[in-house]
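Visitor: Structure below; questions to follow.
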Amino acid sequence: MRELLEIYERVVEALDARALARAAAARAPRPLAGGKLLILGLGKVAAELYEGARSEGEALLVVPPDAPAPAGARIVRGNHPVPDQGSLDAGEALLAAARGAGPADAALLLISGGGSALAEAPHPELSLADVQAVNQALLASGAPIEEMNCVRAHLSRLKGGGLARALYAAGVRRARALVAVDVPVGGVAAVSSGPASADRTTCADALALVERYRLPQAATRVRETLKPGEPADFVEHEALCDLRSPALVAARFAPVRVLDSPVRGTVEAFAARLARERGYCCASGELEVRIPPGAPPGGRDQHLALLMARELRGVPGAAFLAAGTDGRDGPTGSAGAVVDGESWEAAERKGLDPEGALESFDAARVLGALGLLIPARHTSAHAGDLYLLRR
């Protein structure tokens, strides 16, 4: 298991947002004479993207509570994975900064995953309680991230191109977004629900999802998002990394076979696929998980690790790791977990009922009791989850 943990650490280090942004900083837009560069950051590693870009300008960064606070930037902290009042304050701050720009100014946007919760500016008829109820229902629904973002964007003045609209209305015409992509579908335009991107989904699409997943009534109060070809669809976007990156980077450090990535679908379907694999292989992506009512706090990587512990039981030398490159696995104190061929039987000997834990989404309890959880931390990377299998 130690070998897998070492590979994970090297992947996280290689995907540090500072290095990724440093390589792209030369392509930052330039203001006209008398103008300024406005730097707006949003996401789990927005602070590190700012540190790497090293651009001189007026900076506002929306980051999670445990992110660093770079000198020279105004820091606003929101909450993740469910927005709080700080998230609403952050969303309004971003829109106000954009509205305060002028025609001579340029905008550099630094966007990474997590922004859908860290910053929000709901339509006036929606309260914080409404926003929280919708987000909690989406997180528990098992919906893929692109469907979650469709609903979120149509309830927001910030998402679905709302930030681009504000910049354009202020007269800004030179803007570029550097994006750490953490979604399987939609690319740069989908990260953090696309605050500076045109959105191809419609209100009808969002309402269909509200009905399918039986979301709260507040989720029906939709408004249309920025559409491709509209004048405010003017921000250039550049991907710094994506969900394939963790697996491709892992292959630089170990003789692993890379499975088709990014992987998507349910945790259970991916575990069934891994059950057919032999040898030393890796993949990356983000999987879907349906959380049963009343389940304790848990994460998809921990759930997958316990599924794989059952699959690998009794196999000498086998090991499996699932962990987020951002150092977080859901609303837990872990980044993920690592298991081997002895983990399942060890859980049974301790009376931990691993089978029942899978049914109740309680993998964290079992894996924690066995000392198999990877401690959570702010890693400065955000490119989805890494999966490593040795069998």
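The values are calculated or read from the model by the stated rules, or taken from the named source; none is laboratory data. These numbers come from a predicted model, not from an experiment. All Cβ positions, glycine included, derive from the backbone under ideal geometry; neighbour counts span all protein chains shown. The area values use the complete protein model at the heavy-atom level, side chains included, leaving out ligands, DNA and RNA. Shrake-Rupley method; radii C 1.70, N 1.55, O 1.52, S 1.80 Å.
Visitor: Answer yes or no: is there a residue in region 265-274 that is assigned to a loop (DSSP other than H, G, I, E, B) and more than 18 Å from residue 12 (Cα to Cα). Talk me through it step by step, then tell me what you get.
Guide: Taking region 265-274 as the starting set, the residues that turn out to be assigned to a loop (DSSP other than H, G, I, E, B) are 265.
Applying the additional criterion that residues be more than 18 Å from residue 12 (Cα to Cα) yields 265.
Yes - at least one qualifying residue is present in region 265-274.
Visitor: Evaluate the following for residue 257: is it surrounded by fewer than 22 Cβ atoms within 10 Å (Cβ to Cβ), at negative phi, at pLDDT below 95 and not aliphatic (A, V, I, L, M)? Give the derivation first.
Guide: Working: surrounded by fewer than 22 Cβ atoms within 10 Å (Cβ to Cβ): yes; at negative phi: yes; at pLDDT below 95: no; not aliphatic (A, V, I, L, M): yes.
Taking the combined requirement at face value, the residue does not satisfy it.
Visitor: Could you tell me which of the residues 256, 249 is in contact with a Phe, Trp or Tyr (Cβ under 6 Å, 6 or more places away or on another chain) and over 18 Å from residue 300 (Cβ atoms)? So that I can check it myself, show each step before the final result.
Guide: Details: 249 fails: in contact with a Phe, Trp or Tyr (Cβ under 6 Å, 6 or more places away or on another chain).
Among 256, 249, only 256 is in contact with a Phe, Trp or Tyr (Cβ under 6 Å, 6 or more places away or on another chain) and over 18 Å from residue 300 (Cβ atoms).
Visitor: Give me a count of the residues in region 105-139 that are open to solvent by less than 30 Å² (accessible area, probe 1.4 Å), assigned to a loop (DSSP other than H, G, I, E, B) and within 23 Å of residue 170 (Cα to Cα).
Guide: Result for region 105-139: 5.
Visitor: If we keep just the residues of region 182-191 that are assigned to a helix (DSSP H, G or I) and open to solvent by 10 Å² or more (accessible area, probe 1.4 Å), which is farthest from residue 326 (Cα to Cα)?
Guide: Of the residues in region 182-191, the ones assigned to a helix (DSSP H, G or I) are 187-191.
Filter once more, keeping what is open to solvent by 10 Å² or more (accessible area, probe 1.4 Å): 187-190.
Details: 187: 18, 188: 18, 189: 20, 190: 18 Å.
Looking at the filtered set, the residue picked out is 189.
Visitor: Would you please name the residue that is farthest from residue 283 (Cα to Cα), looking only at residues in region 233-264 that are touching a strand residue (DSSP E or B) at 6+ places or on another chain (Cβ under 6 Å) and part of a loop (DSSP other than H, G, I, E, B)?
Guide: 235
Visitor: For region 168-181, enumerate the residues that are farther than 17 Å from residue 228 by Cβ and either surrounded by fewer than 24 Cβ atoms within 10 Å (Cβ to Cβ) or without any contact (Cβ under 8 Å) to a residue 60 or more places away in the chain (or both).
Guide: The answer is 169, 170, 171, 173, 174, 176.
Visitor: Open to solvent by 40 Å² or more (accessible area, probe 1.4 Å), farther than 21 Å from residue 330 by Cβ and more than 22 Å from the chain's Cα centre (by Cα): which single residue out of 165, 157 fits that description?
Guide: 165
Visitor: If you don't mind, there's one more thing I want to ask. Only one residue in 380, 334 is on the phi > 0 side of the Ramachandran plot, in contact with a helix residue (DSSP H, G or I) (Cβ under 7 Å, 6 or more places away or on another chain) and either free of Cβ contacts under 8 Å to residues at least 24 places away in the same chain or polar (S, T, N, Q) (or both). Which one?
Guide: Exactly one of 380, 334 is on the phi > 0 side of the Ramachandran plot, in contact with a helix residue (DSSP H, G or I) (Cβ under 7 Å, 6 or more places away or on another chain) and either free of Cβ contacts under 8 Å to residues at least 24 places away in the same chain or polar (S, T, N, Q) (or both), namely 380.
Visitor: Okay, moving on. Could you please let me know if residue 210 is closer than 23 Å to residue 45 by Cβ and among the aliphatic types (A, V, I, L, M)? Quick ask: steps written out before the conclusion?
Guide: Details: closer than 23 Å to residue 45 by Cβ: no; among the aliphatic types (A, V, I, L, M): yes.
Considered against the rule, which asks whether it is closer than 23 Å to residue 45 by Cβ and among the aliphatic types (A, V, I, L, M), residue 210 comes out as no.
Visitor: Taking region 355-380 as the region of interest, how many residues are over 14 Å from residue 307 (Cα atoms) and in contact with a Lys or Arg (Cβ under 9 Å, 6 or more places away or on another chain)?
Guide: 7
Visitor: Checking the condition open to solvent by 10 Å² or more (accessible area, probe 1.4 Å) and either farther than 17 Å from residue 46 by Cβ or in contact with a strand residue (DSSP E or B) (Cβ under 7 Å, 6 or more places away or on another chain) (or both), which residue from 144, 195 passes? Before you say what the answer is, go through the steps one by one.
Guide: On the way: 195 fails: open to solvent by 10 Å² or more (accessible area, probe 1.4 Å).
So the residue among 144, 195 that is open to solvent by 10 Å² or more (accessible area, probe 1.4 Å) and either farther than 17 Å from residue 46 by Cβ or in contact with a strand residue (DSSP E or B) (Cβ under 7 Å, 6 or more places away or on another chain) (or both) is 144.
Visitor: Which of the residues belonging to region 22-46 are modelled with pLDDT of 95 or more, among the hydrophobic types (A, V, I, L, M, F, W, C) and surrounded by 15 or more Cβ atoms within 10 Å (Cβ to Cβ)?
Guide: 37, 38, 39, 40, 42, 46
Visitor: Okay, moving on. Got a number for residues in region 336-375 being over 30 Å from the mean Cα position of the chain (by Cα), of a type in the set (A, V, I, L, M) and outside any loop (DSSP other than H, G, I, E, B)? Give the steps one after another, and end with the answer.
Guide: Filtering region 336-375 down to residues over 30 Å from the mean Cα position of the chain (by Cα) leaves 341-342, 345-353.
In the following step, the residues that additionally are of a type in the set (A, V, I, L, M) were identified as 346-347, 352.
Next, from what is left, pick out any that are outside any loop (DSSP other than H, G, I, E, B): 346-347.
Within region 336-375, residues that are over 30 Å from the mean Cα position of the chain (by Cα), of a type in the set (A, V, I, L, M) and outside any loop (DSSP other than H, G, I, E, B) number 2.
Visitor: Criterion first (hydrophobic (A, V, I, L, M, F, W, C), touching a Phe, Trp or Tyr at 6+ places or on another chain (Cβ under 7 Å), within 25 Å of residue 288 (Cβ to Cβ) and not in a loop (DSSP other than H, G, I, E, B)) does residue 386 satisfy it?
Guide: Details: hydrophobic (A, V, I, L, M, F, W, C): yes; touching a Phe, Trp or Tyr at 6+ places or on another chain (Cβ under 7 Å): yes; within 25 Å of residue 288 (Cβ to Cβ): yes; not in a loop (DSSP other than H, G, I, E, B): yes.
It is true that residue 386 is hydrophobic (A, V, I, L, M, F, W, C), touching a Phe, Trp or Tyr at 6+ places or on another chain (Cβ under 7 Å), within 25 Å of residue 288 (Cβ to Cβ) and not in a loop (DSSP other than H, G, I, E, B).
Visitor: Also, I was wondering about something else. Look through region 279-334, keep the residues that are outside any loop (DSSP other than H, G, I, E, B) and farther than 17 Å from residue 1 by Cβ, and return whichever of them is most open to solvent (accessible area, probe 1.4 Å). Reasoning before the result, please.
Guide: Taking region 279-334 and keeping what is outside any loop (DSSP other than H, G, I, E, B), we get 280-285, 288, 300-312, 319-324, 334.
Then drop every residue that is not farther than 17 Å from residue 1 by Cβ, which leaves 283-285, 288, 300, 303, 324.
Details: 283: 1, 284: 0, 285: 0, 288: 42, 300: 64, 303: 9, 324: 0 Å².
Looking at the filtered set, the residue picked out is 300.
Visitor: Sticking with this one: So residue 298 ticks every box in (1) within 17 Å of the chain's Cα centre (by Cα); (2) without any contact (Cβ under 8 Å) to a residue 24 or more places away in the chain; (3) more than 24 Å from residue 181 (Cβ to Cβ) but one. Which box is left unticked?
Guide: Failed condition: (2).
Visitor: Is one or more of the residues making up region 213-235 farther than 28 Å from residue 153 by Cα and open to solvent by 70 Å² or more (accessible area, probe 1.4 Å)?
Guide: Just the residues of region 213-235 that are farther than 28 Å from residue 153 by Cα, to begin with: none.
No, because not a single residue in region 213-235 is farther than 28 Å from residue 153 by Cα and open to solvent by 70 Å² or more (accessible area, probe 1.4 Å).
Visitor: Ok, one more. Can you name the condition, by its number, that residue 93 falls short on among (1) without any contact (Cβ under 8 Å) to a residue 40 or more places away in the chain; (2) open to solvent by 50 Å² or more (accessible area, probe 1.4 Å); (3) of a type outside the set (Val, Ile, Thr); (4) in contact with a Leu (Cβ under 7 Å, 6 or more places away or on another chain)?
Guide: (2)
Visitor: Which condition breaks for residue 179 when tested against (1) assigned to a loop (DSSP other than H, G, I, E, B); (2) touching a Ser or Thr at 6+ places or on another chain (Cβ under 9 Å)?
Guide: Residue 179 satisfies all of (1) assigned to a loop (DSSP other than H, G, I, E, B); (2) touching a Ser or Thr at 6+ places or on another chain (Cβ under 9 Å) except (1).
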